[in-house]
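Below: the structure, in structure tokens.
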């Protein structure tokens, strides 16, 4: 495979790509937003690395490997390797940021009604513990209206904005750069949940202007389960306090007797305890996989398939909820039918896996399409959805 050959409409090429994945052919997997499927090369890298460690007895904590993977992720995000910490998932990154901020009782945090539970519970627990106030806006279909809704919530007690880059509920891409301008103008801390962005749509942290950004390696990036990344801007390392620390958090010598201790001058300070180094090797392998095909080619392919699904759903008369779309996520529903009934029917009768959406009070299903999906699968799914409409609607 090579990037020059990766035309979005070259079905022979994408068929070869599909063969790189162990995903069974008896199902249509439209659930990458929950969990991406690893290519065989990633599984091989993890197994081989783990076997080597078991044979040698080494810890596998290689500074060279850590650096290589962080630099690769930094190219995706447009940030430096020193600003990235390895985490186990986006939720862990959200917890590090939420609990590391220096906030006082009565301080207000603005967030959206489309947050994933991992980011919602994090802020609610902190608010309950420390007497904070959470102010919530509903993302609008129009980016400017979303900005206006955020501005309407600002007060003298506002201290932070926490939003998703891509809504896990609707697939909507929020106007993250414009919101970054609000944070800059009012001197607010700006955190972005990027779980649905890395590997799904271009991300440029310099343009977004956020102070922290948490994301996962096991969704759209197609890395091993239990991997994630946290970006903290170098100027905010001392202001997002590391509340969980351990080996690798320190810079140089430390002593219980003298009290000598200082944090390392990088986001590595947020890494603590033993982790599975073989998963990091898997991340290195998946970055190579992306380089082989090319991110732009993958995104063009995915957008084309998502557009095909959207057009088909409109033709069927389904309710398409994702109106502002530049990512490969599409939420839809059948009016009058609970999403759980549709989800069960599509899986039990047609082996189509989608996620039910309840966030934001929605009654919908989410289709998230990636490079291992095909036009034929989209068309088969549309036929199954039409059958669901005929069978389940009152």
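The values are calculated or read from the model by the stated rules, or taken from the named source; none is laboratory data. Quick caveat: nothing in here was measured; it's all calculated off a predicted structure. Glycine gets a Cβ as well: all are built from the backbone with ideal geometry, and neighbour counts include every protein chain shown.
Key figures
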item	result
Yes/no for residue 121 being over 30 Å from residue 296 (Cβ atoms), within 20 Å of the chain's Cα centre (by Cα) and either part of a strand (DSSP E or B) or at pLDDT below 95 (or both)	yes
Residue match in the range 9-18 (condition: more than 22 Å from residue 238 (Cα to Cα) and in the same structural domain as residue 126 (by TED's automatic domain parsing))	no
Filtered residues of the range 167-181 (kept if buried (at least 24 other Cβ atoms within 10 Å of the Cβ) and over 15 Å from residue 110 (Cα atoms))	167, 168, 169, 170, 171, 172
Residues of the range 112-145 that turn out to be touching a strand residue (DSSP E or B) at 6+ places or on another chain (Cβ under 9 Å) and within 22 Å of residue 363 (Cβ to Cβ), as a count	12
Any chance residue 37 is assigned to a loop (DSSP other than H, G, I, E, B) and within 21 Å of the chain's Cα centre (by Cα)	yes
Residue identified as outside any helix (DSSP H, G or I), out of contact with any strand residue (DSSP E or B) (no Cβ under 9 Å at 6 or more places or on another chain) and either in the same structural domain as residue 352 (by TED's automatic domain parsing) or under 22 Å from residue 328 (Cα atoms) (or both) among 25, 61	25
Residue in the range 140-156 that is assigned by TED's automatic domain parsing to the domain that holds residue 196, part of a strand (DSSP E or B) and crowded, with 22+ Cβ neighbours inside 10 Å present	no
Candidates 71, 83, filtered to the one that is touching a helix residue (DSSP H, G or I) at 6+ places or on another chain (Cβ under 6 Å) and free of Cβ contacts under 8 Å to residues at least 12 places away in the same chain	71
Residue list for the range 69-80, filter: buried (at least 16 other Cβ atoms within 10 Å of the Cβ) and either in a helix (DSSP H, G or I) or not assigned by TED's automatic domain parsing to the domain that holds residue 49 (or both)	69, 70, 72, 73, 74, 76, 77
Residue in the range 127-134 that is at pLDDT below 95 and either in the same structural domain as residue 168 (by TED's automatic domain parsing) or within 25 Å of residue 170 (Cα to Cα) (or both) present	no
Residues (under 20 Å from residue 170 (Cβ atoms) and either crowded, with 19+ Cβ neighbours inside 10 Å or not assigned by TED's automatic domain parsing to the domain that holds residue 168 (or both)) located in the range 101-122	110, 111, 112, 114, 115, 116, 118, 119, 120
Residue match in the range 368-386 (condition: surrounded by fewer than 16 Cβ atoms within 10 Å (Cβ to Cβ), on the phi < 0 side of the Ramachandran plot and modelled with pLDDT under 95)	no
Selection count, the range 89-118, where residues are under 18 Å from the mean Cα position of the chain (by Cα) and either at pLDDT 95 or above or part of a helix (DSSP H, G or I) (or both)	13
Failed item in (1) in contact with a strand residue (DSSP E or B) (Cβ under 7 Å, 6 or more places away or on another chain); (2) at pLDDT 95 or above; (3) surrounded by fewer than 24 Cβ atoms within 10 Å (Cβ to Cβ); (4) part of a loop (DSSP other than H, G, I, E, B), with residue 201 passing the rest	(2)
Breaking point among (1) surrounded by 24 or more Cβ atoms within 10 Å (Cβ to Cβ); (2) closer than 20 Å to residue 394 by Cβ; (3) modelled with pLDDT of 95 or more, for residue 316	(1)
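Quick grid of which residues meet (1) assigned by TED's automatic domain parsing to the domain that holds residue 117; (2) out of contact with any strand residue (DSSP E or B) (no Cβ under 6 Å at 6 or more places or on another chain):
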| position | (1), (2) |
| --- | --- |
| 286 | yes, yes |
| 302 | no, yes |
| 315 | no, yes |
| 332 | no, no |
| 335 | no, no |
| 353 | no, no |
| 357 | no, no |
| 371 | no, yes |
| 381 | no, no |
